[in-house]
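Participant: This is the structure, below, for whatever I ask next.
The values are calculated or read from the model by the stated rules, or taken from the named source; none is laboratory data. All values reported here derive from a predicted model rather than from experimental measurement. Using ideal geometry, Cβ is built from the backbone for each residue, glycine included, and neighbour counts are taken over all protein chains shown. With ligands, DNA and RNA removed, areas are computed over all heavy atoms of the protein, side chains included. Shrake-Rupley method; radii C 1.70, N 1.55, O 1.52, S 1.80 Å.
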Amino acid sequence: MFGKSRLGGFLAGASGLFLLLPLVAVIPFSFTAKRFLSMPDGEYSLRHYVAIFDPDTWLASIGTSTLVALLSSVIATALAAAFGIGIWLRRPASGRFLIGLVLLPIIVPPVTSAVALYFLLAQIGLLDTVPGLVLSHVVMIVPFAVIAILGALSRLDRNLELAARNLGASQMQSIIMVILPNIRFGLFAAWFVSLVMSWEESSVTLFVSGVNVITLPKRIWDNLRLDLDPAVAAISVIMILATTLVILLRKSET
Amino acid sequence: MPAHISIRKACKSFGSFEALRNVSLDIEKGEFLTFLGPSGSGKSTLLNAIAGFEPLSSGAILKNGEDIGATPADRRNFGMVFQGYALFPHLTVVENIGFSLRVRKVARTEVEGRVARMVDLVGLRGHEHKRPSALSGGQQQRVALARALVFEPELLLLDEPLSALDKNLREQLQDELVDIHRKTGTTFLFVTHDQMEAMAMSDRIAIFDRGRIVQLDRPNVLYDEPNSRFVAEFLGTMNTLPVSRQRAVAGELHAHVGEFGVRAMLPDAEQLAGKPAVLAIRPEKLTLCRERPKADYNLLPMTIDGVIFQGGTTIVKGSAPEGASLTLTTARDALGNPPSRGEQLWVRWGHLDGRVLAG
Amino acid sequence: MSTARLRDLRVFPGFGLLSVGCVVFLYAPIVVLAIYSFNDGRSVTRWAGFSFRWYQTVFANQNIQTAAINSVVIAVIAATVATVFALGAAIATVNRKKGGGEGAYVVLTFPLMVPEIVTAVASLVFFVAVGISLGFATILIAHIVFCIPFAYLPIKARLESMDGTLPSAAADLYASPAKAFLRITLPLLVPGLVSGWLLAFIISLDDFIITALVAGPGATTLPLHIYGMLRLGMTPEVNAISTLMLAASTVLVLISGLLGQAGRKH
Amino acid sequence: MQRAIKHPDPRPRAESNIVPMAGSDPVRHPNSVAAEVRNLRKTYNAGTPHAHEALKDVDLSIRANEFFTLLGPSGCGKTTLLRILGGFEMLTSGTCRIFGEDVSRLPPEARPVNTVFQQYALFPHMTVRRNIAFGLEMLGKPRAEVESTVERMLDLVHMTDYADRRPDTMSGGQRQRVALARALAPQPKLLLLDEPLSALDLKLRQKMRLELKSLQRETGITFIFVTHDQEEALAMSDRVAVISNGHLQQVGTPEDIYEQPQSRFVADFIGESNLIEAKVAGVTGGEASLDIEGFGKVHAPVAERVEDGQKVWLSIRPERLVLGSGDGQERAKVTDRTYLGNAVEYHLHVGEHALTARSPRGGLRGRQDFAPGDVVSVGFEPGSIKVLLS
């Protein structure tokens, strides 16, 4: 409909190539037999993949990241759902303003968020603790959960709620029996987005934790800065594969 | 004895817009009453107020003489069929129909029995466990109807329930709705902007215009004896010709269109005498003649502007004296040779066919 | 009054409170940060009166100036190049369901799904592998690449929301494909291009993780500089520069929003 | 692909007999063919499991100066045919000629044809004036000519006051007029209209029917109009082509199509029709005696050869059924009565058959009224029964 532009095709191909090349390039590095990050020269090894299973370092960090991600995604989804349903039901005059206000933190530069949260957690004594990290992540991801839930609510027929009330359901019954079941995919999407964002959060995490609580991105960061451990390449390959798997799963769902 | 549902001096404003202006109305038990009007005329606003979705700005809604203005929607016991049906997409047909009984904590076996009876009534046997998305438009409409009737509401509100359907299906469902109304005996309050739909189904029609009910009566009375120019032109097609020199003569109104005399039977002819008025005649009441008819009044010359073939009927458009335009419909064969553009013909009509209205 | 009671029945009071709580929760850290950037004292916990002194310090700092200029130059170049690539990619992929449009979409947005730290590692490894020495150039290349998806999404959205019959109408009115593109498609895409560019610009300006890993010793950007400052301890100067970055982002987003609204009117 | 731009000659040419005089009837030249398609086929996704034949061997000639309508239910192929004429779809096989020139392989911009799109497709970033000028500018017309033509077009569709507004500030009816003016400005040899009235409300739609018809008459340009609304087709067209399922069913004047349907599909789709199964019980001199089960015998003319005992379908229009009582011939029962204002519709049971009769109210003669449950006689107006073999 918009014509077949050769230049467009070239730019599309080049963009794809630029974006994927580094992600592919990291794969051979993960199979090096050497102790430092390098291209394998004829000798391949899985030793760096084995290293990931060290319960004191990588495995511990994976555990910490998972715990933080689960807690913050559940809290963020609950907050976002309460906020979204509240706005949807009451349609206050200030609704658009409130939504704008909740979404605005998305544009806060990560460094600013990091500094602000560092400052706040230092004051309340939660720096470098799991609760502190969860709190920071929730602040960072709530707007994204709100987007997913508002999206689901905007597709929800307003008359469904009126129909439920008309058929004799109280406000609470109509929320539980009609609204929540019908935005279940939105809730799931909000939770999933929150989970992924918390799991991979690094900018703020680097500032507000790092000695007692070490998440996976933080450990990658440290390793890369300190000793160029090829396990970093191995864990990167695993995370790229995990992402691909998630995308394929979501494709097959739809 | 108080009326089943009474609306008393209902007013509703949205900001500076007055959606309802002092509307009063009695709905009789068991009748099929239709609110008919153009969009924005207030008919849906009143329906929503009766349902309990929007409070009135002032005025009262009475059920059997009792004010229900403060009763929330879920306690009013009025069923409603929504414009887009608003079926619960996550529930099956029987779960949708049984919803109102479940929230009322009715025993499971009784729910099943009542739902099954409704499924039979609306003819949905075999579709019980489908989701709404797997149903056709007509089937969805039937589910919505069953869902709104299963808890035996005292009043069923229908908000343009047929507007999303195509013409053939709409006509079929009109018949079915009338049938279900007859079988259940529930009071039906139907909202539509489609005048054919309203005339085909209703016992009585309330015509809304800019927040007011301008006429409320049986369909044939509204069609044949409209009390205003708005009603006359809104219901079907109506020719309106400005008249002059009108005077009352023994309960009849005598007037002129240009140089031609017209007469109409009017009980309140005195009131219209000497005021600006129009003569209103339905297109199908006009008879086309090639020769000047032998009559002293109720005839006009007409210059043909166009002939529109419509299959069963033919529409002839033309202009009368004083620049007024005339439309008339005839059976195809009634004319012999169809008239051509520019031809000069005559129209006449009967003594009882024209009405003079203020305007 | 009966109507007032009816209105109350539609309200579920807990939700209002939660909604407001949500907003407060999100803003508390940033508001505190901004307030203390105007503190006259050296402490970041005790208020000692209002002053602009930390802003003056920031503006006088030669290193901060260099870092800021680097950031802006990189962001302008990266956003511009990325937008050109994204425009081509969007035109080539939208409305071509059979020709692998969906596959292209997955490829172009894949980097958005991969954890940023992984992209950073991969970029670093890639630059090392091909032998480009780390510095200004590697930052710029990395920024161009990771900005493409951000520029692509608004352009694609705009193109998809555009009435697909408009190019047909232009062809019907004797416009050649090139003229139809220049006179119809491109002008209608302007809002998408602007918001794509602005988004890419902000993302580039704010990026920390990838930049930090591919920067090498010499080159620095504003976020890198702030990180370095923070390692030396929390000072009101850090508050001031963070607040400035927030202000810059907010202004850019507001401009983009206004342009978007103006675009929607046409 | 050919890219040579052949634009239509802006001046009315003698052989096409365009008469751009307002108010006068254009001179008819039935021998001049405006558009012609031969053995036209269009298959979507050919060679895949999703292959779909949108048009199957369509042959059609559209005369110069006529208002021609392609009528059919949605998905019947009428829009595909229009898009092939406009050059937006490539035909799979066959030929497509416009004023004698084979345009089968030409892109839209090289065809002397303009289109009014269903949703109008007005350029949202241009004013009304710029929209109308677009086609003329693309043809490289001198500035003065562009300006004067645009003014003429604005005047023609009564939109002069809106010349500097943008499309999104206007109502549906106004946009529709702009779309018309834009498509007429380059003086195309053929104007294609793709359901241009479907986005308008009922009253406006009826008004625009007359306006479109008189615009066609004034400009003398050949209009090819696509619609699924049979009333619209009957009201405006000189000739109508009924299309169903990719096949051309019947081509003729509105009267022909309505009075002489050649298939059950046409009888049912155009207007309302009672379709009754019957058996041939003898033919004498072009008239057949037909036996309707549960009713008796009726007589009707037959054009084609039929044999005794052959099953046929009878089509009778609801307004051609005459109901009565008191003549001893009562064989139908009224099951439902619907008040329609200017008419009353009765649903009847005659034996196994359900029929619909419509009785106009009004005129000078009174008509008898019936209620559900009444038993009535049914008569047919002479010549009202049409015998259909398919």
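Participant: With the structure loaded, tell me whether D:T356 is open to solvent by less than 20 Å² (accessible area, probe 1.4 Å), under 21 Å from D:E272 (Cα atoms), at pLDDT 85 or above and among the polar types (S, T, N, Q) or whether it fails that test.
Facilitator: No, not satisfied.
Participant: Kindly indicate whether B:D296 is of a type in the set (D, E), at pLDDT 80 or above and surrounded by 15 or more Cβ atoms within 10 Å (Cβ to Cβ).
Facilitator: So B:D296 fails the test.
Participant: Also: Let me spell it out: the conditions are (1) open to solvent by less than 10 Å² (accessible area, probe 1.4 Å); (2) facing chain D (nearest Cβ under 7 Å), and C:K179 meets all of them except one. Which number is the exception?
Facilitator: (1)
Participant: Moving to a separate point now. Quick one: which of C:A28, C:A48, C:A92 is in contact with a Gly (Cβ under 7 Å, 6 or more places away or on another chain) and surrounded by fewer than 16 Cβ atoms within 10 Å (Cβ to Cβ)?
Facilitator: Just a single option satisfies the conditions, and that option is C:A48.
Participant: Note down all Cβ pairs under 9 Å where the first residue falls in region B:39-64 and is within 10 Å of another protein chain (Cβ to nearest Cβ), the second is charged (D, E, K, R) and open to solvent by less than 10 Å² (accessible area, probe 1.4 Å), and they're at least six residues apart or on different chains.
Facilitator: These pairs meet every condition: B:A51/B:R76; B:G52/B:R76.
Participant: So which of A:L127, A:L103 is modelled with pLDDT under 90, part of a loop (DSSP other than H, G, I, E, B) and assigned by TED's automatic domain parsing to the domain that holds A:L71?
Facilitator: A:L127
Participant: Taking region B:91-119, which residues are touching a residue at least 40 places away in the same chain (Cβ under 8 Å) and surrounded by 15 or more Cβ atoms within 10 Å (Cβ to Cβ)?
Facilitator: Across region B:91-119, the qualifying residues are B:L91, B:V93, B:N96, B:I97, B:G98, B:F99, B:S100, B:L101.
Participant: Being more than 11 Å from chain C (Cβ to nearest Cβ), over 20 Å from the mean Cα position of the chain (by Cα) and surrounded by fewer than 21 Cβ atoms within 10 Å (Cβ to Cβ) is the requirement here; does A:M177 meet it?
Facilitator: It is true that A:M177 is more than 11 Å from chain C (Cβ to nearest Cβ), over 20 Å from the mean Cα position of the chain (by Cα) and surrounded by fewer than 21 Cβ atoms within 10 Å (Cβ to Cβ).
Participant: For region C:140-167, give me each residue that is of a type in the set (A, V, I, L, M, F, W, C), away from every other protein chain (no Cβ under 11 Å) and in contact with a helix residue (DSSP H, G or I) (Cβ under 6 Å, 6 or more places away or on another chain). Outline the logic, then answer.
Facilitator: Of all residues in region C:140-167, those of a type in the set (A, V, I, L, M, F, W, C) come to C:140-142, C:144-148, C:150-151, C:153, C:155, C:157, C:159, C:162, C:166.
Checking the rest, the ones that are also away from every other protein chain (no Cβ under 11 Å) come to C:140, C:150, C:153, C:155, C:157.
Result: C:L140, C:F150, C:I155.
Residue-wise test of (1) open to solvent by 10 Å² or more (accessible area, probe 1.4 Å); (2) more than 9 Å from chain C (Cβ to nearest Cβ); (3) out of contact with any helix residue (DSSP H, G or I) (no Cβ under 7 Å at 6 or more places or on another chain).
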| residue | (1), (2), (3) |
| --- | --- |
| A:I141 | no, yes, no |
| A:A148 | yes, yes, no |
| A:L153 | no, yes, no |
| A:A189 | yes, yes, no |
| A:N212 | yes, yes, yes |
| A:R219 | yes, yes, no |
| A:I240 | yes, no, no |
| A:T243 | yes, no, no |
| A:L249 | yes, yes, yes |
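Participant: Okay, next question. Which residue, of D:V306, D:V242, D:V283, D:V322, is of a type in the set (V, I, T) and in a loop (DSSP other than H, G, I, E, B)?
Facilitator: The unique qualifying residue is D:V306.
Participant: Okay, moving on. Would you confirm whether or not region D:211-225 contains a residue that is open to solvent by less than 50 Å² (accessible area, probe 1.4 Å) and on the phi > 0 side of the Ramachandran plot?
Facilitator: yes
Participant: Can you name the residue in region A:72-97 that is of a type in the set (F, W, Y) and more than 17 Å from A:R155 (Cβ to Cβ) and is also surrounded by the fewest Cβ atoms within 10 Å (Cβ to Cβ) among such residues? Steps first, please.
Facilitator: Restricting attention to region A:72-97, the residues satisfying the condition of being of a type in the set (F, W, Y) are A:83, A:88, A:97.
The next check asks that each one be more than 17 Å from A:R155 (Cβ to Cβ); those that pass are A:83, A:97.
Numbers: A:F83: 25, A:F97: 11.
Result: A:F97.
Participant: A further question follows. Collect the residues in region D:253-279 that are open to solvent by less than 10 Å² (accessible area, probe 1.4 Å) and either among the aliphatic types (A, V, I, L, M) or on the phi > 0 side of the Ramachandran plot (or both), keeping them in residue-number order.
Facilitator: Those that are open to solvent by less than 10 Å² (accessible area, probe 1.4 Å) and either among the aliphatic types (A, V, I, L, M) or on the phi > 0 side of the Ramachandran plot (or both): D:I257, D:V266, D:A267, D:I270, D:I276, D:A278.
Participant: OK, next. Taking only region C:82-122 into account, find how many residues are in a loop (DSSP other than H, G, I, E, B), within 7 Å of chain A (Cβ to nearest Cβ) and at pLDDT below 85.
Facilitator: Within region C:82-122, residues that are in a loop (DSSP other than H, G, I, E, B), within 7 Å of chain A (Cβ to nearest Cβ) and at pLDDT below 85 number 2.
Participant: Quick one: in region A:34-73, which of the residues that are under 15 Å from A:D222 (Cβ atoms) and hydroxyl-bearing (S, T, Y) is nearest to the other protein chains (Cβ to nearest Cβ)?
Facilitator: This residue is A:S65.
The rows are residues; the columns are (1) in a strand (DSSP E or B); (2) out of contact with any Cys (no Cβ under 6 Å at 6 or more places or on another chain); (3) more than 28 Å from B:V214 (Cβ to Cβ).
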residue	(1), (2), (3)
B:V243	yes, yes, no
B:Q246	yes, yes, no
B:A255	yes, yes, no
B:A264	yes, yes, no
B:Q271	no, yes, no
B:G274	no, yes, no
B:E284	no, yes, no
B:P293	no, yes, yes
B:D296	no, yes, yes
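Participant: Another one. Where in region D:56-149 are there strands (runs of 3 or more DSSP E), lying fully within it, with 3 or more residues that are in the same structural domain as D:S244 (by TED's automatic domain parsing) and open to solvent by 10 Å² or more (accessible area, probe 1.4 Å)?
Facilitator: Strands (runs of 3 or more DSSP E) meeting the threshold: D:93-98.
Participant: For region A:221-234, what are the residues that are at the interface with chain C (Cβ under 8 Å from one of its Cβ atoms) and buried (at least 22 other Cβ atoms within 10 Å of the Cβ)?
Facilitator: Within region A:221-234, A:W221, A:V232, A:A233 qualify.
Participant: Mind telling me which of the residues D:Q176, D:Q206, D:Q216 ends up being in a helix (DSSP H, G or I), free of Cβ contacts under 8 Å to residues at least 40 places away in the same chain and either touching a Cys at 6+ places or on another chain (Cβ under 8 Å) or not charged (D, E, K, R) (or both)?
Facilitator: D:Q206
Participant: Filter region C:123-139 for residues that are touching a residue at least 40 places away in the same chain (Cβ under 8 Å) and either open to solvent by less than 30 Å² (accessible area, probe 1.4 Å) or within 21 Å of A:F29 (Cβ to Cβ) (or both); which is nearest to the other protein chains (Cβ to nearest Cβ)?
Facilitator: Taking the candidates together, the pick is C:S123.
Participant: Go through region B:120-146 residue by residue and tally those that are under 17 Å from B:V178 (Cα atoms) and either of a type in the set (V, I, T) or surrounded by fewer than 21 Cβ atoms within 10 Å (Cβ to Cβ) (or both).
Facilitator: 7
Per-residue answers, yes or no, for (1) crowded, with 18+ Cβ neighbours inside 10 Å; (2) over 21 Å from the mean Cα position of the chain (by Cα); (3) free of Cβ contacts under 8 Å to residues at least 12 places away in the same chain:
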residue: C:L173; (1), (2), (3): yes, yes, yes
residue: C:R183; (1), (2), (3): yes, yes, no
residue: C:V194; (1), (2), (3): yes, no, no
residue: C:I203; (1), (2), (3): yes, no, no
residue: C:T220; (1), (2), (3): yes, no, no
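Participant: Would you check if there is a residue in region B:200-215 being assigned to a helix (DSSP H, G or I), of a type in the set (G, A, S) and either surrounded by fewer than 23 Cβ atoms within 10 Å (Cβ to Cβ) or within 14 Å of chain D (Cβ to nearest Cβ) (or both)?
Facilitator: Yes.
Participant: Can you say whether D:E330 is over 21 Å from D:G271 (Cα atoms) and either part of a strand (DSSP E or B) or open to solvent by 30 Å² or more (accessible area, probe 1.4 Å) (or both), as far as the supplied structure shows?
Facilitator: Working: over 21 Å from D:G271 (Cα atoms): yes; either part of a strand (DSSP E or B) or open to solvent by 30 Å² or more (accessible area, probe 1.4 Å) (or both): yes.
Judged against the criteria, D:E330 is a match.
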